[in-house]
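Student: To start, I am sharing the structure in question, which I have written as structure tokens.
The values are calculated or read from the model by the stated rules, or taken from the named source; none is laboratory data. Quick caveat: nothing in here was measured; it's all calculated off a predicted structure. With ideal geometry, Cβ positions are generated from the backbone for all residues, glycine too; neighbour counts draw on all protein chains shown.
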Amino acid sequence: MLRIKRFFYNQKVAPYMFVLPFIIIFCAFSIYPMINTILMSFQKVLPGQTHFIGIKNYTRLFSDKTFFIALENSIKYMVITCALLIPFPMLFAAMVNSKHMPFPNFFKAILYLPALASVVVSGTIFRLTFSESSDSLMNEIIGLFGAAPIQWLRVSSTGFTVLIVLCCWRWTGVNIMYFISGLKSIPRELYESAEIDGASSVQQFFKITVPLLKPTTIYVLTISIYAGLAMFTESFMLWNGNNSPRNMGLTIVGYLYRQGIEKNDLGYGSTVGIVLLVAAMIINVVQLKLNGLFKKEAM
Amino acid sequence: MKRFRQFLCVFVSAIVLLSVLAGCGNAGTADNQGGGSSGDSSESASSSSVKTSTFGNTSGSNVTTFEMWTFVELHGQLYKEMAEEWNKANPNEQIAIALTVMPYDDMHNKLMLAIQSGTGMPDICDVEIGNFPKFLQGDIAFMDLTKYIDQYRSKIVPSRIEVYSKGGKNYGVPTHVGATVAFYNTDILKAAGVDYKTIKTWDDYEAAGLKVKAAGHIMGVAETNNSAIFDIMLAEQGADKTDSSGKPTLNTPEAKKALTLMKKFYDEGIDKTIPGGHPDTEEAYGALSKGEYATVIRPLWYMSRYLNYMDDLKGKIAIAPVPTFKDAKYNSFGGGGTGTIVSNSAKNKDLAARWLTWAKLSDDGEKQIWNILGFDPCNTALWNDPSITQDKNNKYLQFFQTNPFDVLNDIKDSMGIIKSTIGVPTVNNILCNTTLADVLKDDGADPSQALEDAQSQAENELANS
């Protein structure tokens, strides 16, 4: 009894006890599935009948055109969203945070609201807004300018744009929150002394705000890369299912779902998943390395 | 300031709550209207949310309640009727059916997940024909219904049981023949001076189409998200999308001939695309109701769509055999279909199988399939039964100018076949997502090249299945 008590009160053990619940959950829901996925990617998996087929799934993957369409879509989506969802939220955050801004809380709330709507709801609303029929909202709007109705979700360029717009609409507010919290940690004195030295607002933004927000920016960039590559629901809701014309909205995760669930080929689906994991890891490690995260002083 | 913050707090939490609730309610709205259904979505129409309703004997004790899934809300009416009839006739074996209606893709994906994970299967489930083969891989989770079907077998079109079988065992109970026919809007045709009875071949269709176009209307639908017209053109020539082992056969001369003709109709402005991508979507029902399109080519089960979604067209629609090629072998085929299965893990499997086969294959059941659902029953003896074919009170017979049974008897001996093989979901996916949409547009792709591309893509996707 005493030994047990001593064990629990031991200062060396205590930290491990505290993280134990997390470790257990992490192993059960992340590590175990990950190892299993790696195994399954070398298997043909059918209900009740599973056997190893070597690297067949991988050779098949590398000659699979649809997979490369999905890969291209995911990467394109990731790059565009990162390019849009870092500078603009940063700018908006600086504006909302500025002392010249009237009603800052009002704007914070308004900009954050879209993030609270479920993807299912917002995807459906966007689908109807950009519907191809001549009386959809967007076609009515462009009709005011004399333009002919557009089949928004059937043409690659407009379809993908709608997807990006949906993403920006939803996530701008979230990134603004991250940047605002980053801004709060920048000491006021820096701005005051810059002002005394005669720096303009623009100069202050680029010389103080941007550099000092770097840790936040790296964080936002990292999660945006991951979120961009893992996107699925937005596309699924926008095209009302996993099938978009010419696969214009198909993402890697969408393809994984199609192969693993819709076509009952979990082995091949796992292979797609492994490639996604590797791609996300490589991109993020390179990005973090370039941003100097692994050097202690950078943080 | 504090006031404002409090207000904001309440406001935001209200929004969160609302959106979460709205999310729950709408989670199932993925019905097929946005197009992009996976190919042979023949009966995929529009159940816009997940609903469960229980019927049969819901109050008594000693009742077996079966959990059942379907993707067509209408089918529920049949099961309800047949559960009640069963309970009247079998006081010692009372049943109830808890029926859940889910959108097409969702239901099949959910069923697949249940099988893969080994838990959560319903007792009885409707499975669409195009999806059926993929559930027959590995250890089959469906009950072998062969001996239950045996007592009805002699009256039923054999090919409709065959499509839901593997290794000589029958796993699904068929719903209908699904003979593909043409539905003509005679108002539009008359205005253009066309008599639909004169349309026998695709050349006639083209000539009629040019007249309709000159009169300012559209002859038919250039279907970009569904392969129904491509399929009938293949079946008429005796060709198919896959061979019997499931290998794709999309680059055959027959396939190229079919798609080239479809493209010709599109380029001439005879056929045009429709909102929703094919006629069996909610957006398309709207366009068809407005009287914009003269022709819809679909299996006979499409009749129910007119009654349920386009009732302003009552009396304006005539049913006729599909146009065909000169010297073609066939001029129809059984399109789409639903095989109802009993799961291996079902409670009281024997009762479930007896009820199901009775409900769908007995004379009573087959009559109700016609009366309630308007499907062409698999029991062809009924096609000549005057109490069915001349029933003045039948809503389907009242709705259309022509008697569907006349058409059925007309084409009964010239039915081609499109097999449902393991390759079909993949082939349909490629056709309906890429090939048709690439070809049937302004400056569309070359049909032969598009089919060669589709073939190589399908071969690759099916490489190790």
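Student: Please work out which residue is farthest from the chain's Cα centre (by Cα), limiting yourself to segment A:135-153 and to residues that are farther than 18 Å from B:Ile274 by Cα and assigned to a loop (DSSP other than H, G, I, E, B).
Tutor: Among residues in segment A:135-153 that are farther than 18 Å from B:Ile274 by Cα and assigned to a loop (DSSP other than H, G, I, E, B), the one farthest from the chain's Cα centre (by Cα) is A:Gly146.
Student: Would you mention how many residues in segment A:197-247 are charged (D, E, K, R) and within 13 Å of chain B (Cβ to nearest Cβ)? Please lay out each step first, then the result.
Tutor: First pass over segment A:197-247, keeping only residues charged (D, E, K, R): A:197, A:207, A:214, A:234, A:246.
Retained after the next criterion (residues that are within 13 Å of chain B (Cβ to nearest Cβ)): A:246.
Going through segment A:197-247 one residue at a time, the tally reaches 1.
Student: Could you list, in sequence order, all residues of segment B:330-357 that are part of a strand (DSSP E or B) and either farther than 30 Å from B:Asp240 by Cα or among the aromatic types (Phe, Trp, Tyr) (or both)? Walk me through it before giving the result.
Tutor: Initially, segment B:330-357 is screened for residues part of a strand (DSSP E or B), giving B:332-334, B:338-343.
B:Phe333, B:Ser343, listed by residue number.
Student: Which is outside the structural domain of B:Met143 (by TED's automatic domain parsing), crowded, with 17+ Cβ neighbours inside 10 Å and free of Cβ contacts under 8 Å to residues at least 60 places away in the same chain, of B:Leu440, B:Leu397, B:Leu451, B:Leu408? Steps first, please.
Tutor: On the way: B:Leu440 fails: free of Cβ contacts under 8 Å to residues at least 60 places away in the same chain; B:Leu451 fails: free of Cβ contacts under 8 Å to residues at least 60 places away in the same chain; B:Leu408 fails: free of Cβ contacts under 8 Å to residues at least 60 places away in the same chain.
Exactly one residue qualifies, and that residue is B:Leu397.
Student: Looking only at segment B:454-464, filter to residues that are within 8 Å of another protein chain (Cβ to nearest Cβ) and surrounded by 19 or more Cβ atoms within 10 Å (Cβ to Cβ); which one of those is farthest from B:Leu234 (Cα to Cα)?
Tutor: B:Glu461
Student: How many of the residues making up segment B:376-409 are part of a helix (DSSP H, G or I) and in contact with a strand residue (DSSP E or B) (Cβ under 9 Å, 6 or more places away or on another chain)?
Tutor: 6
Student: Step by step: first the residues of segment B:312-349, then only those that are among the charged types (D, E, K, R) and in contact (Cβ under 8 Å) with a residue 40 or more places away in the chain, then the one that is surrounded by the most Cβ atoms within 10 Å (Cβ to Cβ). Which residue is that? Lay out the reasoning, then the answer.
Tutor: Narrowing segment B:312-349 to residues among the charged types (D, E, K, R): B:312, B:314, B:316, B:326-327, B:329, B:347, B:349.
Add one more test, that the residue is in contact (Cβ under 8 Å) with a residue 40 or more places away in the chain, and what stays is B:314, B:316, B:326, B:329, B:347, B:349.
Values: B:Lys314: 14, B:Lys316: 19, B:Lys326: 8, B:Lys329: 13, B:Lys347: 12, B:Lys349: 16.
That would be B:Lys316.
Student: Can you pull out every residue in segment B:259-288 that is crowded, with 24+ Cβ neighbours inside 10 Å, of a type in the set (Gly, Ala, Ser) and more than 10 Å from chain A (Cβ to nearest Cβ)?
Tutor: B:Ala284, the sole residue that qualifies.
Student: Based on this model, can you work out whether A:Val220 counts as assigned to a helix (DSSP H, G or I) and either closer than 21 Å to B:Asn433 by Cβ or without any contact (Cβ under 8 Å) to a residue 12 or more places away in the chain (or both)? Walk me through how you get there before you give the answer.
Tutor: Details: assigned to a helix (DSSP H, G or I): yes; either closer than 21 Å to B:Asn433 by Cβ or without any contact (Cβ under 8 Å) to a residue 12 or more places away in the chain (or both): no.
It is false that A:Val220 is assigned to a helix (DSSP H, G or I) and either closer than 21 Å to B:Asn433 by Cβ or without any contact (Cβ under 8 Å) to a residue 12 or more places away in the chain (or both).
Student: Do you know which residues across segment B:411-444 are charged (D, E, K, R) and either touching a strand residue (DSSP E or B) at 6+ places or on another chain (Cβ under 9 Å) or part of a strand (DSSP E or B) (or both)? Spell out the reasoning first.
Tutor: Here is the first cut: in segment B:411-444, the residues charged (D, E, K, R) are B:412-413, B:419, B:438, B:441-443.
Once the filter is applied, which keeps residues that are charged (D, E, K, R) and either touching a strand residue (DSSP E or B) at 6+ places or on another chain (Cβ under 9 Å) or part of a strand (DSSP E or B) (or both), segment B:411-444 yields B:Lys412, B:Lys419.
Student: Given the residues B:Ile161, B:Ile149, B:Ile129, B:Ile124, which is the only one that is more than 14 Å from chain A (Cβ to nearest Cβ), over 25 Å from A:Asn264 (Cα atoms) and of a type in the set (A, V, I, L, M)? Spell out the reasoning first.
Tutor: Details: B:Ile161 fails: over 25 Å from A:Asn264 (Cα atoms); B:Ile129 fails: over 25 Å from A:Asn264 (Cα atoms); B:Ile124 fails: over 25 Å from A:Asn264 (Cα atoms).
From the options B:Ile161, B:Ile149, B:Ile129, B:Ile124, the qualifying one is B:Ile149.
Student: Residues of segment B:145-160 being surrounded by fewer than 18 Cβ atoms within 10 Å (Cβ to Cβ) and more than 21 Å from the chain's Cα centre (by Cα), which ones? Let's see the steps before the verdict.
Tutor: Filtering segment B:145-160 down to residues surrounded by fewer than 18 Cβ atoms within 10 Å (Cβ to Cβ) leaves B:146-147, B:150-151, B:153-155, B:158-159.
Selection gives B:Thr146, B:Lys147, B:Asp150, B:Gln151, B:Arg153, B:Ser154, B:Lys155.
Student: Just one of the numbered conditions (1) touching a residue at least 40 places away in the same chain (Cβ under 8 Å); (2) over 20 Å from the mean Cα position of the chain (by Cα); (3) within 14 Å of another protein chain (Cβ to nearest Cβ) is not true of B:Met102; which one?
Tutor: The one condition B:Met102 does not meet is (2).
Student: Is it true that B:Thr295 is without any contact (Cβ under 8 Å) to a residue 24 or more places away in the chain, among the hydroxyl-bearing types (Ser, Thr, Tyr) and not assigned by TED's automatic domain parsing to the domain that holds B:Tyr104?
Tutor: Details: without any contact (Cβ under 8 Å) to a residue 24 or more places away in the chain: no; among the hydroxyl-bearing types (Ser, Thr, Tyr): yes; not assigned by TED's automatic domain parsing to the domain that holds B:Tyr104: yes.
When the stated conditions are applied, B:Thr295 does not pass them.
Student: Continuing with the same structure: Give the residue, chosen from A:Ser181, A:Ser193, A:Ser134, A:Ser185, that is exposed (fewer than 13 other Cβ atoms within 10 Å of the Cβ) and either in contact with a Gly (Cβ under 8 Å, 6 or more places away or on another chain) or within 14 Å of chain B (Cβ to nearest Cβ) (or both). I'd like the intermediate steps shown before the answer.
Tutor: On the way: A:Ser181 fails: either in contact with a Gly (Cβ under 8 Å, 6 or more places away or on another chain) or within 14 Å of chain B (Cβ to nearest Cβ) (or both); A:Ser193 fails: either in contact with a Gly (Cβ under 8 Å, 6 or more places away or on another chain) or within 14 Å of chain B (Cβ to nearest Cβ) (or both); A:Ser185 fails: either in contact with a Gly (Cβ under 8 Å, 6 or more places away or on another chain) or within 14 Å of chain B (Cβ to nearest Cβ) (or both).
Checking each option against the conditions leaves just A:Ser134.
Student: Kindly check whether there is at least one residue in segment A:276-299 that is in a helix (DSSP H, G or I) and crowded, with 23+ Cβ neighbours inside 10 Å.
Tutor: Here is the first cut: in segment A:276-299, the residues in a helix (DSSP H, G or I) are A:276-290, A:296-298.
Next, from what is left, pick out any that are crowded, with 23+ Cβ neighbours inside 10 Å: none.
Looking for residues that are in a helix (DSSP H, G or I) and crowded, with 23+ Cβ neighbours inside 10 Å, one finds none in segment A:276-299, hence no.
Student: Taking segment A:16-74, which residues are at the interface with chain B (Cβ under 9 Å from one of its Cβ atoms), in a strand (DSSP E or B) and in contact with a helix residue (DSSP H, G or I) (Cβ under 9 Å, 6 or more places away or on another chain)?
Tutor: Within segment A:16-74, A:Lys44, A:Val45, A:Leu46, A:Thr50 qualify.
Student: Out of segment A:250-259, which residues are closer than 13 Å to A:Ile69 by Cα and within 9 Å of chain B (Cβ to nearest Cβ)?
Tutor: Selection gives A:Leu250 alone.
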